[in-house]
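To keep things clear, I will list the structure first and then write my remarks on it.
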Number of protein chains: 4
Amino acid sequence: MSQYDHIKQQAYEANMQLPKLGLVLFTFGNVSAVDRGLGVFAIKPSGVPYEELSPGKMVIVDFDARAVEGNLRPSSDTKTHAVLYKHWEGIGGIVHTHSTYATAWAQAQRDIPIFGTTHADHNTVDVPCAPPMSDEMISGDYEHETGFQIMNCFKERGLDYKEVEMVLVGNHAPFTWGKTPGKAVYNSAVLESIAHMALLTEQINMAAPRLKEALIKKHYQRKHGPDSYYGQ
Amino acid sequence: MSQYDHIKQQAYEANMQLPKLGLVLFTFGNVSAVDRGLGVFAIKPSGVPYEELSPGKMVIVDFDARAVEGNLRPSSDTKTHAVLYKHWEGIGGIVHTHSTYATAWAQAQRDIPIFGTTHADHNTVDVPCAPPMSDEMISGDYEHETGFQIMNCFKERGLDYKEVEMVLVGNHAPFTWGKTPGKAVYNSAVLESIAHMALLTEQINMAAPRLKEALIKKHYQRKHGPDSYYGQ
Amino acid sequence: MSQYDHIKQQAYEANMQLPKLGLVLFTFGNVSAVDRGLGVFAIKPSGVPYEELSPGKMVIVDFDARAVEGNLRPSSDTKTHAVLYKHWEGIGGIVHTHSTYATAWAQAQRDIPIFGTTHADHNTVDVPCAPPMSDEMISGDYEHETGFQIMNCFKERGLDYKEVEMVLVGNHAPFTWGKTPGKAVYNSAVLESIAHMALLTEQINMAAPRLKEALIKKHYQRKHGPDSYYGQ
Amino acid sequence: MSQYDHIKQQAYEANMQLPKLGLVLFTFGNVSAVDRGLGVFAIKPSGVPYEELSPGKMVIVDFDARAVEGNLRPSSDTKTHAVLYKHWEGIGGIVHTHSTYATAWAQAQRDIPIFGTTHADHNTVDVPCAPPMSDEMISGDYEHETGFQIMNCFKERGLDYKEVEMVLVGNHAPFTWGKTPGKAVYNSAVLESIAHMALLTEQINMAAPRLKEALIKKHYQRKHGPDSYYGQ
């Protein structure tokens, strides 16, 4: 028994969703779950296969990425999670994957254009692709800097992490987040679907236009606005 | 027990086909089943995961989209279903999905060309893509207007909804229908397959010609004509 | 009990492989199994879902496509099977599907180029695509003529049906065959894989060359030549 | 009981991973497991379906490809395995597949460019594509020469087989290896994923640049360098 059992359980369950949703090969992904009151988060141990995971194997880390509890080494991406939790206070869970289509857009270093309502149901803007990091950032504290690369991208573009819950890191892969770990996983699956459809859309029509502004607003508001009428 | 149990059961069973056929991610789809005598239809509740659905959770709505029975809020696309049931009297079921390939064609704002007999077995024409809606329609009663956008597209092109049971709504996604909810689901799966094959066909041969008229007629008639000889 | 039970069983088992191998949606495919001594073949009934099939539902037909035994109507493609059995005496089984990639090549009206050893392990030539049929053939005895369209294509190109066990019918879809129904199904799956890889090959390198002659011969002979050393 | 039981078991288990990972159709793949002390390896029998495999059916062969134990004929690719084991002493297992995307790159005769960190986590260079073999090599001892074609490619490019554990053989298909059979299988799955993403990357951005040098080094070192911090 530990005071962290609830976030270990949450992190475990959210991690196990990744292979079910087809978002990871082997161990190429990780989810974390935060407890804001305790100032720590639970994250997948590094390199452990999903079939061998259990809630007890989750590692507890604080927002400076210092180990707090657990026998295993935490995910190699732990510092990126820590930075985002520290600075973006509304986040309850973070997901990192190398899902096929989202990663291809990251490798291509392009934002994912907003082509339809599937995208607009979740975002009012193109999915941002942060530029590849500078050599200084890479050779420095790499995973720590990855968090700042993401935040800088949002700052420069004037994006709000509470409205846009996904990003591509150029040359690398996607990160998503949400109020809960489950919502963050949901966003990873949505991003992969959007990424797939956007590629197909350009293949069908090279000149496909971005979604018109009226539809962007309408679809986002019916799911997320003050008068939203989607869901229960 | 309710006088609507039969359409709740039908709607439930048809909705559960969508994830099995790979046509939906999470809750991005809905099916309805009509009772013409009672003037109502049963439809999926909004935002409820498929694994939590049951016949009793289906919502009963009339053709003006007024709630008749049920504790949950109906699908946010309910008004589109209502409009189509009201004006197209031969329809017994309606399906809306964001299936990957059909949605990509909708986002690309292109009709799906009739390239082969798989298509001709079900339609004698390209799958129509209704243009994106006007800003007035979008900011007005959006889902209600979506129904009219579909009907207007059929009117302008001289299409008969009894022969062509599928449409793409530009920038949005597909709708299909049929004499029964099961047939409407079948049409959604066929549309997704046709959409996939048409994209591949253009990738293999940019100058691939539309199917010749004689084959279009032959294949459609052997399945649907007065002397049809497909099926039992 | 019937003297045809053995081919009903064979046809049933081979048909059930199609959905397992991902080669059919709904009922868009059929397999037949021949008994040369009795001069008949067993074939899937038309439009019956795979989950409802049983050996007893297979229909027995002779080489002029006349019904011999069975309560159900045979596949609408039965006449094509009959023609091929009648004229190509070495065939033990025939398969017709609308599998995604092979059908896309048929719709694009292109032969599938021999790009690699996966192809050469099974064929020494491009997979032939018979041209779309003439209007006369289509408006005549369509499925009967489809068989002749296939045979004419082989005649004109000097191909031997015992060496090349697959064909695309332009605008339509693939047919495969083999010494046994199981081999014919195997060929359908191989064709689908070859069709997928060939499309990808051209996407990766628009100028990808055909396989060199020495490799074509080597790979075919190691599987099929007099000194073959593949398998047991 | 045999002194080779341990490598038969290893080879069996590794072979059974191939269909689970979606890397083989029918019998188009094989894995071997070596015992350096005994100077032999266990390999899949030729043409035997995966569902019929058992540890006892594995064939024991020495580094000159001479049969040592087993009732079945070994894989037709056995000589390629033997050559690689003989000359590359650090290898514990070898895998050959015709997996879809990797084979497409081999058919296109192109190296797979290093576009992102998924690739860099495993390799610091493009995945090499050995040129198609000369007619002399093909008509000679083909599978034996395939091993030399792979080694020559590494020699000419100055690659170390301990760092780059995968290769495409032009016009043919991929081979991978590793310290253990399990690692070799892992590499086959990683290669297929990299191959898929690289194709998509070029489709999204024809001018996508190779990964910058600093990221290549960083990602490889965090998994494989002396100060690696990935895994347990």
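The values are calculated or read from the model by the stated rules, or taken from the named source; none is laboratory data. None of these values were measured; they are calculated from a predicted model. Reconstructed Cβ throughout: ideal geometry from the backbone, glycine too, with neighbour counts over all protein chains shown. Ligands, DNA and RNA are excluded from the accessible area calculation, which covers all protein heavy atoms including side chains. Shrake-Rupley method; radii C 1.70, N 1.55, O 1.52, S 1.80 Å.
Could you tell me which numbered condition C:Gln17 fails, if it satisfies all but one of (1) open to solvent by less than 40 Å² (accessible area, probe 1.4 Å); (2) in a helix (DSSP H, G or I)?
(1)
Restricted to the stretch B:135-156, and to residues that are in contact with a strand residue (DSSP E or B) (Cβ under 6 Å, 6 or more places away or on another chain) and touching a residue at least 24 places away in the same chain (Cβ under 8 Å), which residue is nearest to B:Thr103 (Cα to Cα)? Please lay out each step first, then the result.
Of the residues in the stretch B:135-156, the ones in contact with a strand residue (DSSP E or B) (Cβ under 6 Å, 6 or more places away or on another chain) are B:149-150, B:153.
If we keep only those that are touching a residue at least 24 places away in the same chain (Cβ under 8 Å) as well, we get B:150, B:153.
Working: B:Ile150: 15, B:Cys153: 17 Å.
Looking at the filtered set, the residue picked out is B:Ile150.
Of all residues in the stretch D:45-59, how many are under 14 Å from D:His6 (Cα atoms) and open to solvent by less than 10 Å² (accessible area, probe 1.4 Å)? Give the steps one after another, and end with the answer.
So in the stretch D:45-59, the residues under 14 Å from D:His6 (Cα atoms) come out as D:54-59.
Now restrict to residues that are open to solvent by less than 10 Å² (accessible area, probe 1.4 Å): D:58-59.
Count: 2.
Of everything in the stretch D:63-79, what is in a strand (DSSP E or B) and either out of contact with any Pro (no Cβ under 8 Å at 6 or more places or on another chain) or free of Cβ contacts under 8 Å to residues at least 12 places away in the same chain (or both)? Give them in sequence order. Talk me through it step by step, then tell me what you get.
Kept after step one, since they are in a strand (DSSP E or B), are these residues of the stretch D:63-79: D:67-69, D:74.
D:Ala67, D:Val68, D:Glu69, listed by residue number.
Rundown of residues vs (1) within 18 Å of A:Lys218 (Cα to Cα); (2) in contact with a Pro (Cβ under 6 Å, 6 or more places away or on another chain); (3) modelled with pLDDT under 95, yes/no style:
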residue: B:Ala102; (1), (2), (3): no, yes, no
residue: B:Gln109; (1), (2), (3): no, no, no
residue: B:Ile112; (1), (2), (3): no, no, no
residue: B:Asn123; (1), (2), (3): no, no, yes
residue: B:Val127; (1), (2), (3): no, no, no
residue: B:Pro131; (1), (2), (3): yes, no, no
residue: B:Ser139; (1), (2), (3): yes, no, yes
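Residues are listed down the side, and each one gets a yes or a no for (1) without any contact (Cβ under 8 Å) to a residue 60 or more places away in the chain; (2) within 9 Å of chain B (Cβ to nearest Cβ); (3) outside any helix (DSSP H, G or I):
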position	(1), (2), (3)
C:Gln107	no, yes, no
C:Arg110	yes, yes, yes
C:Val125	yes, no, yes
C:Met133	yes, yes, yes
C:Leu191	no, no, no
C:Met197	no, no, no
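Take the residues of the stretch D:202-217 that are in a helix (DSSP H, G or I) and open to solvent by less than 20 Å² (accessible area, probe 1.4 Å): which is nearest to the other protein chains (Cβ to nearest Cβ)?
In the first step, residues of the stretch D:202-217 are kept if they are in a helix (DSSP H, G or I); the result is D:202-204, D:213-217.
With the extra rule that they be open to solvent by less than 20 Å² (accessible area, probe 1.4 Å), the set shrinks to D:204, D:215-216.
Details: D:Ile204: 4, D:Leu215: 6, D:Ile216: 10 Å.
The qualifying residue nearest to the other protein chains (Cβ to nearest Cβ) is D:Ile204.
List pairs: first residue in the stretch A:1-13 and among the β-branched types (Val, Ile, Thr), second residue surrounded by 14 or more Cβ atoms within 10 Å (Cβ to Cβ) anywhere in the structure, Cβ distance under 7 angstrom, at least six positions apart or on different chains.
Between residues of the stretch A:1-13 that are among the β-branched types (Val, Ile, Thr) and residues that are surrounded by 14 or more Cβ atoms within 10 Å (Cβ to Cβ), the close pairs are A:Ile7/A:Ala33; A:Ile7/A:Val34; A:Ile7/A:Asp35; A:Ile7/A:Phe41; A:Ile7/A:Ala42.
Going residue by residue through the stretch D:158-177, is there one that turns out to be under 28 Å from D:Pro19 (Cβ atoms) and within 11 Å of chain A (Cβ to nearest Cβ)?
Going residue by residue through the stretch D:158-177, those that are under 28 Å from D:Pro19 (Cβ atoms) are D:161, D:164-177.
Filter again for within 11 Å of chain A (Cβ to nearest Cβ), leaving none.
Scanning the stretch D:158-177, I find no residue that is under 28 Å from D:Pro19 (Cβ atoms) and within 11 Å of chain A (Cβ to nearest Cβ), so the answer is no.
Considering only residues of the stretch C:135-183 that are in a loop (DSSP other than H, G, I, E, B) and over 16 Å from the mean Cα position of the chain (by Cα), which is surrounded by the most Cβ atoms within 10 Å (Cβ to Cβ)?
As a first pass, look at the stretch C:135-183 and keep what is in a loop (DSSP other than H, G, I, E, B): C:140-141, C:158-165, C:170-173, C:179-180.
Those still in the list that are over 16 Å from the mean Cα position of the chain (by Cα) too: C:140-141, C:158.
Working: C:Gly140: 12, C:Asp141: 14, C:Gly158: 7.
Top of the filtered list is C:Asp141.
How many residues are more than 7 Å from chain B (Cβ to nearest Cβ) and among the hydroxyl-bearing types (Ser, Thr, Tyr) when one looks only at the stretch A:218-232?
To start, the set of residues in the stretch A:218-232 that are more than 7 Å from chain B (Cβ to nearest Cβ) comprises A:219-221, A:223-228.
Adding the requirement that they be among the hydroxyl-bearing types (Ser, Thr, Tyr) leaves A:220, A:228.
Final tally of qualifying residues: 2.
Among the residues of the stretch C:23-35, is any in a loop (DSSP other than H, G, I, E, B) and surrounded by fewer than 15 Cβ atoms within 10 Å (Cβ to Cβ)?
Taking the stretch C:23-35 as the starting set, the residues that turn out to be in a loop (DSSP other than H, G, I, E, B) are C:23-28.
Restricting the remaining residues to those that are surrounded by fewer than 15 Cβ atoms within 10 Å (Cβ to Cβ) gives none.
No, the stretch C:23-35 contains no residue that is in a loop (DSSP other than H, G, I, E, B) and surrounded by fewer than 15 Cβ atoms within 10 Å (Cβ to Cβ).
Just give me the residues in the stretch A:112-123 being crowded, with 22+ Cβ neighbours inside 10 Å, of a type outside the set (S, T, N, Q) and either away from chain D (no Cβ under 14 Å) or not in a loop (DSSP other than H, G, I, E, B) (or both), in sequence order.
At the first step, the residues of the stretch A:112-123 found to be crowded, with 22+ Cβ neighbours inside 10 Å are A:112, A:114-120, A:122-123.
Still in the running and of a type outside the set (S, T, N, Q): A:112, A:114-116, A:119-120, A:122.
Within the stretch A:112-123, A:Ile112, A:Ile114, A:Gly116, A:His119, A:Ala120, A:His122 qualify.
Failed condition for C:Gly47, given (1) of a type in the set (Gly, Ala, Ser); (2) more than 30 Å from C:Pro132 (Cβ to Cβ); (3) not in a helix (DSSP H, G or I), with all others met?
(2)
Out of the residues in the stretch B:60-99 that are open to solvent by 40 Å² or more (accessible area, probe 1.4 Å) and within 14 Å of chain A (Cβ to nearest Cβ), state the one that is farthest from the chain's Cα centre (by Cα).
Checked the stretch B:60-99; the qualifying residue farthest from the chain's Cα centre (by Cα) is B:Asn71.
Failed condition for A:Tyr186, given (1) in a helix (DSSP H, G or I); (2) more than 25 Å from B:Thr100 (Cβ to Cβ), with all others met?
It is condition (2) that A:Tyr186 fails.
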